[in-house]
1. When the dipole is taken about the Cα centre of the chain, and only Lys, Arg (+1) and Asp, Glu (-1) are charged at their Cβ, what size is it in debye, to the nearest 20?
2. Report the charge-dipole magnitude of the stretch 206-277 in Debye, nearest 20, computed about the Cα centre from +1 at each Lys and Arg Cβ and -1 at each Asp and Glu Cβ.
3. Roughly how many Å² is the accessible area per residue of the chain, as a whole number, for a 1.4 Å probe?
4. Hand me the chymotrypsin sites (Phe, Trp or Tyr not before Pro) from the stretch 321-406 located in a DSSP loop with no more than 12 other Cβ atoms within 10 Å, in residue order please.
5. Amide H neighbours of GLY481 under 5 Å, counting only residues 5+ apart in sequence or on other chains, H built in-plane at 1.01 Å?
6. Tell me the relative contact order for the chain as a rounded percent, counting alpha carbon contacts under 8 Å between residues six or more apart.
7. Tell me, rounded to the nearest percent, the portion of alpha carbon pairs in the chain spaced more than 30 Å apart.
8. Probe radius 1.4 Å, ligands and nucleic acids ignored: give me the carbon and sulfur share of the accessible area of the chain as a rounded percent.
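The values are calculated or read from the model by the stated rules, or taken from the named source; none is laboratory data. These numbers were taken from a predicted model, which means no experiment stands behind them. Quick reminder, even Gly has a Cβ in these numbers, built from the backbone with ideal geometry, and neighbours come from all protein chains shown. Remember, those area values only see protein heavy atoms, side chains included, never the ligands or the DNA or RNA. Shrake-Rupley method; radii C 1.70, N 1.55, O 1.52, S 1.80 Å.
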Amino acid sequence: MLSARSSRKENWGALLPEVLRSRSSALIFLSCITFSLGLSKAAGAAELQPGSAPSSEEPEPWFNARLQTFFVKKARQAHQLADLEKKSIDPHIWEYFDAGIKGDWVTAGNLYRATRARSYQSGKRDESLETMAWQPMDETFLAYLQFAHLQQKNLLAFAQGTINSIPPGAIYFGGTDAGRAVITAMSDSQIDGNPFFTVSPNAFADHLYLNYLRAMYGSKIFTPTHEDSKRCFEEYVADAQQRLKENRLRSGEDVKMVDGKAQIRGQVAVMAVSALLARMVFDKNPNRELYVEESFPLDWMFPYLSPSSMIMKINREPLTELREELLRQDHDYWIRSFQPMIGDWLDDSTTLETVDTFVEQVYLKHEFANFRSDRLFTKDKWSQNLFSKLRASIGGIYAWRVGALKDVPTPQKYLAKTPAEQQRMTREADFAFRQAWALSPDSPQTVFRYAHFLEITKRIPEAIRIADTAARFPPNQEGSGPTSRDVASYRELVKRLKEREN
């Protein structure tokens, strides 16, 4: 659930040409495409795993009490939001909350999926579902999926590590599904901003999500408006058109001029607009500390980022360098966090060849004779993807400081200044990526980020090893592992790297 993959992305991306012909339609597009960046994979996983919800004959799930309490709070909030809107709401929304409050997860899941198929987030125009009350519904369903699939100890470790690292009154950007939903459910009161305010940049494209944020937090912090979203979209379009003329488009950015008009498609455009809105939140809340659990790298953040336990702090001023003490704290923290999952064997001196051998034996051959840690973790793709993503995101901070983060350029003034600093950043990036790869060796985000780092730092044989091993994993049909397209991309990467090597 940690990456956003869905055929719906391509379908909604195709709406962009129409968006650019009609300014009024821009916000409709932004509302629809949000789902591709947050809930699409989560909901898809649920559809592919109809038996994942506990049946009435099974023991009561460990999370029942916590999640039912969360449903009670969110149902109350949904009713309050509906009252503010003064409109008729589809009764299936209330049936969904009632099922969750009772712990009837099968019924709740069925109601959610059936309702979503008719909602504005699926491109439909059922007015009874165009409501801010949809946001609490999204958050509770996302939380259910995380609670149902993550190992209890791993979910609690993530929640505790994240919540404890954020000071009261701060603003927290929850990027991934877990980053948004788990922290929302485990906070004392996400609704009241206690202990901090939880905001999801991935959902900024949804105008009703923006309304929801303002209804919930508007008297306490600045949150973007409908008009802010429109202005940011127009700003991005103008910038993309200019960069197209100058041949400076980003990797994956699909921009064309047809009959004198810009046609823009895809995920990169959506996240570029979200990045502008996230920057607005940063700028207009100058007295608040900000933290981020990364979904997609946002270029403007990198000069401000430093590691903070499992996530990252967005400092108020750009950092010309990262202190060695901060690196050591991060290094030691992740050694401690890593051990309960797959053991204490990976340290500074562990070679990539040793990690590859571990991956071969444990993940590919399922041989556990020398394994001295949690076997359940090796079967839990959701936990693997979560922690690998967290660690690789921090590795990205270090890689960026030596100009080795693909598609995120590093201005000269932020590059490591001395050979010693360059060595330190490179070493910490490599260590973070090695840990991330050992945690989830077939994760597309980790594989590509690490392989590109190795390629840029002229370690092509090792980059080939990473990609070649990842390509040996079978495609996962449960929505939590690499797709057939991912595996094909690994093979293409191997081919390209070998050609470059030769």
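1. Roughly 900 debye for the chain.
2. Numbers: 11 positive and 10 negative charges, 15 e Å.
Using only the charged Cβ atoms, the result is roughly 80 debye.
3. Working: 20650 Å² over 502 residues.
Here the residues of the chain average 41 Å² of exposed surface.
4. Values: sites: TYR333, TRP334, PHE338, TRP345, PHE358, TYR363, PHE368, PHE371, PHE377, TRP382, PHE387, TYR398, TRP400; in loops: TRP345, PHE368, PHE371.
When the chymotrypsin sites (Phe, Trp or Tyr not before Pro) of the stretch 321-406 are filtered for loop state and at most 12 Cβ neighbours within 10 Å, PHE368 remain.
5. Close amide H contacts, sequence-distant or interchain: ASN476.
6. Numbers: 740 pairs, mean separation 69.1, N = 502.
Taking the mean separation of contacting Cα pairs over the length of the chain, I get 14 percent.
7. It works out to 47 percent of all Cα pairs.
8. Working: 10180 of 20650 Å².
That share works out to 49 percent.
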